[in-house]
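The structure appears right after this line, and notes come after that.
The values are calculated or read from the model by the stated rules, or taken from the named source; none is laboratory data. For clarity, every value in this text was computed on a predicted model and none was experimentally measured. Virtual Cβ from ideal backbone geometry, glycine too; neighbours counted across all protein chains shown.
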Amino acid sequence: MRENIIVLDFGGQYNQLIARRVRECNVYCEVHPYTISIEKIRQMAPSGIIFTGGPNSVYGDDSPQADPEIFKLGVPVLGICYGAQLLAHQLGGVVATAPVSEYGRTEVTIDDRSGLLEGLALGGREKTGCDTPDNTIMWMSHTDYIREVPEGFRVTAHTPVCPVAAMENPEAGLYAVQFHPEVMHSLEGFQILQNFVRKVCGCSCDWKMDSFVETTIREIREKVGDGKVLCALSGGVDSSVAAVLLSKAVGKQLTCVFVDHGLLRKNEGDEVEAVFGPDGPYDLNFIRVNAQQRFYDKLAGVTEPERKRKIIGEEFIRVFEEEAKKIGAVDFLVQGTIYPDVIESGLGKSAVIKSHHNVGGLPDCVDFKEIIEPLRMLFKDEVRRAGLELGIPENLVYRQPFPGPGLGIRIIGEVTEEKVKIVQEADAIYREEIAKAGLDKSISQYFAALTNMRSVGVMGDFRTYDYAIALRAVTTSDFMTAEAAHLPWDLLDRVTTRIVNEVDHVNRVFYDCTGKPPGTIEFE
Ligand code: XMP
């Protein structure tokens, strides 16, 4: 059994982050709903269990509770925020409403470094953010607090508000912290998770990407046998890494279908073909479907954003279906699902539903027996690391997100071939200049969009009446909220000059300063 830690989700906002941090300690980690059965937990043989935070009060009527059997497994448990209060409450301590809530960066005094908090608040101001010895900064977000610890526990940290900011009962393997060690604002938080994983749970911390790649290739080979596999390749990071894993495992038994819908960025179709086509380094069957005209025809005269998305999604499925029919029945269909998709589509109470982000319906149009999702358990940065491990070119591995409907939702109003060309050219210039300025890795997403606006300008001695391009650049960690990037003025100036000079039918350039909310990242 692989060494692993389980995160039990009690509805907290940071459950994914906890799992990521644990994996950064090189221990495999999965998030499960708190309702998971005790048998399942036993089967997984975890080295440790972490209870997440959550919005409830432990003494509320329907508040989620932990199965008391968990405490008898002999597996160390770390409770975070609500999880900490739950430990206190279920084991006989007292949890109550705090006299005042604590929110944000909070000074925490370390009282006992013999266990979970070993090594904390010893590094001076630089490491702790505090001038006071024994204090460190942790991120707090709570209205309830632990007033009295259960029998057998001792207090290991406190704040002016919380008499119990951390407590532990090492003999029973039970630990709890009121603050959030997983968020970056908790300057020494990662140290706590490392202590838990290494010291308390005794993990050897040897889970690495190369072992993931090796094991996954072996598992795929065993599963697929001599079966046939089909993959819809978009050229995005996830489907590319999934395709390469499959190709390494089963070579020519894999067929990748790449639909060029004519809404890709400049040269993108050719770039994907160069990597995955017959002249590329991988052993697989590659089919490029040049369906550009079909999409342009379907989109003619359509201006409503949701309709455009729908048409593009449906036409994509139709094109793919036709290709799949030519191939005939296959045994497996590959999908590039990644862990945040799995969690977001409804693990625990904190589930967030993203309805529009993936091309749905693909599995319904293909004659196959089973789905293979080799990246199902990886976070995005881990997918990228696996991609590098597999030798996929860096420009593909670090590709910024690109929506399924492509430039179709970056052209406001009707999509035509001519408009696609304009936005492709402008976008290529923008991307080139951002890369030259060395900003391509620090901005989360940036692109040019074509506004549906035309205005008067002057070019030489002539009056023009042409389109306006909008430039967008955002920084974000989760794409649910975002801020407009503060681009240097001279960069914007250069990009503007180049676009109006080099791209026909554009005489104006705007920079979009809107955050999300109230804007979205894409324009439609
Ligand atoms: P919004 O515009 O909703 O975008 O703020 C958030 C993130 O999702 C991407 N996005 C999509 N991705 N199909 C996709 O595969 C879509 O229909 C879609 N719409 C938005 C967007 O590029 C950004 O990264």
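Do we have any residue at all in the stretch 247-254 that's over 30 Å from Gln178 (Cα atoms) and assigned to a strand (DSSP E or B)?
Within the stretch 247-254 (the criterion being over 30 Å from Gln178 (Cα atoms) and assigned to a strand (DSSP E or B)), the answer is yes, since at least one residue qualifies.
For the stretch 71-85: of the residues being part of a helix (DSSP H, G or I) and out of contact with any Phe, Trp or Tyr (no Cβ under 9 Å at 6 or more places or on another chain), which is surrounded by the most Cβ atoms within 10 Å (Cβ to Cβ)?
Out of the qualifying residues, it is Phe71.
Could you check Glu273 against (1) in contact with a helix residue (DSSP H, G or I) (Cβ under 9 Å, 6 or more places away or on another chain); (2) outside any strand (DSSP E or B); (3) away from the ligand (no atom under 16 Å from the Cβ) and say which number it fails?
Only one criterion is unmet by Glu273, namely (1).
Among the residues that make up the stretch 320-328, is at least one of them farther than 27 Å from Gln253 by Cα, modelled with pLDDT of 90 or more and either part of a loop (DSSP other than H, G, I, E, B) or among the basic types (Lys, Arg) (or both)?
Our first condition is that a residue be farther than 27 Å from Gln253 by Cα; within the stretch 320-328, this holds for none.
Taking every residue of the stretch 320-328 in turn, none turns out to be farther than 27 Å from Gln253 by Cα, modelled with pLDDT of 90 or more and either part of a loop (DSSP other than H, G, I, E, B) or among the basic types (Lys, Arg) (or both).
Any idea how many residues of the stretch 201-250 are within 16 Å of the ligand (Cβ to nearest atom) and of a type in the set (Gly, Ala, Ser)?
Residues flagged as within 16 Å of the ligand (Cβ to nearest atom) and of a type in the set (Gly, Ala, Ser) within the stretch 201-250 amount to 7.
Rundown of residues vs (1) in a loop (DSSP other than H, G, I, E, B); (2) under 30 Å from Ile311 (Cα atoms), yes/no style:
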site: Ile434; (1), (2): no, no
site: Lys441; (1), (2): yes, no
site: Ala449; (1), (2): no, yes
site: Asp466; (1), (2): no, yes
site: Ile469; (1), (2): no, yes
site: Leu492; (1), (2): no, no
site: Val495; (1), (2): no, no
site: Phe523; (1), (2): yes, yes
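Among residues belonging to the stretch 450-496 that are among the charged types (D, E, K, R) and within 17 Å of Ile521 (Cβ to Cβ), point out the one that is farthest from the ligand (Cβ to nearest atom).
Here is the first cut: in the stretch 450-496, the ones among the charged types (D, E, K, R) are 454, 461, 463, 466, 472, 478, 483, 490, 493-494.
Now drop any that are not within 17 Å of Ile521 (Cβ to Cβ), which leaves 472, 478, 483.
On the way: Arg472: 10, Asp478: 9, Glu483: 12 Å.
Per the criteria, the residue is Glu483.
Checking Lys223 against (1) over 21 Å from the mean Cα position of the chain (by Cα); (2) farther than 25 Å from Met1 by Cα; (3) surrounded by fewer than 20 Cβ atoms within 10 Å (Cβ to Cβ): exactly one of these is not met. Which one?
Failing condition for Lys223: (2).
Is it the case, given these coordinates, that Tyr430 is within 16 Å of the ligand (Cβ to nearest atom) and modelled with pLDDT of 95 or more?
On the way: within 16 Å of the ligand (Cβ to nearest atom): yes; modelled with pLDDT of 95 or more: yes.
For Tyr430, the condition - within 16 Å of the ligand (Cβ to nearest atom) and modelled with pLDDT of 95 or more - is met.
Condition first: closer than 30 Å to Val241 by Cα and surrounded by fewer than 23 Cβ atoms within 10 Å (Cβ to Cβ). Can you find one or more residues in the stretch 161-183 that meet it? Show your work before the answer.
Of the residues in the stretch 161-183, the ones closer than 30 Å to Val241 by Cα are 182-183.
Now narrow it down to the ones that are surrounded by fewer than 23 Cβ atoms within 10 Å (Cβ to Cβ): 183.
Looking for residues that are closer than 30 Å to Val241 by Cα and surrounded by fewer than 23 Cβ atoms within 10 Å (Cβ to Cβ), one finds at least one in the stretch 161-183, hence yes.
Checking Pro401 against (1) within 16 Å of the ligand (Cβ to nearest atom); (2) more than 30 Å from Gly12 (Cβ to Cβ); (3) at pLDDT below 95; (4) not basic (Lys, Arg), only one condition comes out false. Which one?
(2) is the only condition that Pro401 fails.
When you look at Phe258, is it assigned to a strand (DSSP E or B), more than 30 Å from Asn452 (Cα to Cα) and either within 16 Å of the ligand (Cβ to nearest atom) or in contact with a Pro (Cβ under 7 Å, 6 or more places away or on another chain) (or both), yes or no? I'd like the intermediate steps shown before the answer.
Working: assigned to a strand (DSSP E or B): yes; more than 30 Å from Asn452 (Cα to Cα): no; either within 16 Å of the ligand (Cβ to nearest atom) or in contact with a Pro (Cβ under 7 Å, 6 or more places away or on another chain) (or both): yes.
So Phe258 does not fit the description; no.
Restrict the check to the stretch 127-139 and report whether at least one residue is in contact (Cβ under 8 Å) with a residue 60 or more places away in the chain and not in a helix (DSSP H, G or I).
Applying the first criterion (in contact (Cβ under 8 Å) with a residue 60 or more places away in the chain) to the stretch 127-139 yields 127-128.
Add one more test, that the residue is not in a helix (DSSP H, G or I), and what stays is none.
No, there is no match, as no residue in the stretch 127-139 is in contact (Cβ under 8 Å) with a residue 60 or more places away in the chain and not in a helix (DSSP H, G or I).
Within the stretch 295-319, can you find the residues that are assigned to a helix (DSSP H, G or I), within 12 Å of Gly408 (Cβ to Cβ), in contact (Cβ under 8 Å) with a residue 12 or more places away in the chain and within 16 Å of the ligand (Cβ to nearest atom)? It would help to see each step written out before you state the result.
Kept after step one, since they are assigned to a helix (DSSP H, G or I), are these residues of the stretch 295-319: 295-299, 305-319.
With the extra rule that they be within 12 Å of Gly408 (Cβ to Cβ), the set shrinks to 295-296, 298-299, 305-313, 315-316.
Add one more test, that the residue is in contact (Cβ under 8 Å) with a residue 12 or more places away in the chain, and what stays is 295-296, 298-299, 305, 308-309, 311-313, 315-316.
Phe295, Leu299, Pro305, Lys308, Arg309, Ile311, Ile312, Gly313, Glu315, Phe316, listed by residue number.
To keep it simple, each residue is scored yes or no on (1) free of Cβ contacts under 8 Å to residues at least 60 places away in the same chain; (2) under 29 Å from His32 (Cβ atoms).
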{"residue": "Ile80", "(1), (2)": "no, yes"}
{"residue": "Arg105", "(1), (2)": "no, no"}
{"residue": "Thr109", "(1), (2)": "yes, no"}
{"residue": "Ser114", "(1), (2)": "yes, no"}
{"residue": "Gly119", "(1), (2)": "no, no"}
{"residue": "Leu122", "(1), (2)": "yes, no"}
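Could you identify the single residue in Gly60, Gly92 that is of a type outside the set (Ser, Thr, Tyr), in contact (Cβ under 8 Å) with a residue 40 or more places away in the chain and either within 24 Å of Cys203 (Cα to Cα) or not in a helix (DSSP H, G or I) (or both)? First the steps, then the outcome.
Details: Gly60 fails: in contact (Cβ under 8 Å) with a residue 40 or more places away in the chain.
Only one candidate qualifies: Gly92.
Kindly list the number of the only condition in (1) surrounded by fewer than 22 Cβ atoms within 10 Å (Cβ to Cβ); (2) under 25 Å from Ile70 (Cβ atoms); (3) in contact with a Gly (Cβ under 8 Å, 6 or more places away or on another chain) that fails for Arg113.
Status for Arg113: all satisfied but (2).
Give the stretch 186-232 a look and list any residue that's of a type in the set (Asp, Glu) and farther than 11 Å from Val27 by Cβ, or say none. Step through it out loud before you land on a result.
Start the filter on the stretch 186-232 by keeping residues that are of a type in the set (Asp, Glu), which leaves 188, 206, 210, 214, 219, 222, 226.
Within the stretch 186-232, Glu188, Asp210, Glu214, Glu219, Glu222, Asp226 meet the criteria.
Do we find a residue being of a type in the set (S, T, N, Q), surrounded by fewer than 18 Cβ atoms within 10 Å (Cβ to Cβ) and either in a helix (DSSP H, G or I) or within 15 Å of the ligand (Cβ to nearest atom) (or both) anywhere in the stretch 411-422?
The first filter runs over the stretch 411-422 and keeps only residues of a type in the set (S, T, N, Q), leaving 416.
Remaining after also requiring surrounded by fewer than 18 Cβ atoms within 10 Å (Cβ to Cβ): 416.
If we keep only those that are either in a helix (DSSP H, G or I) or within 15 Å of the ligand (Cβ to nearest atom) (or both) too, we end up with none.
Within the stretch 411-422, not a single residue is of a type in the set (S, T, N, Q), surrounded by fewer than 18 Cβ atoms within 10 Å (Cβ to Cβ) and either in a helix (DSSP H, G or I) or within 15 Å of the ligand (Cβ to nearest atom) (or both).
Checking Glu151 against (1) crowded, with 24+ Cβ neighbours inside 10 Å; (2) in a loop (DSSP other than H, G, I, E, B), which test does it fail?
All conditions pass for Glu151, except number (1).
In the set Ile499, Ile521, which member is touching a residue at least 40 places away in the same chain (Cβ under 8 Å) and either more than 16 Å from the ligand (Cβ to nearest atom) or over 15 Å from Thr451 (Cα atoms) (or both)?
Details: Ile521 fails: either more than 16 Å from the ligand (Cβ to nearest atom) or over 15 Å from Thr451 (Cα atoms) (or both).
Exactly one residue qualifies, and that residue is Ile499.
For the stretch 142-188, enumerate the residues that are in contact with a Leu (Cβ under 7 Å, 6 or more places away or on another chain) and of a type in the set (Phe, Trp, Tyr).
Tyr175
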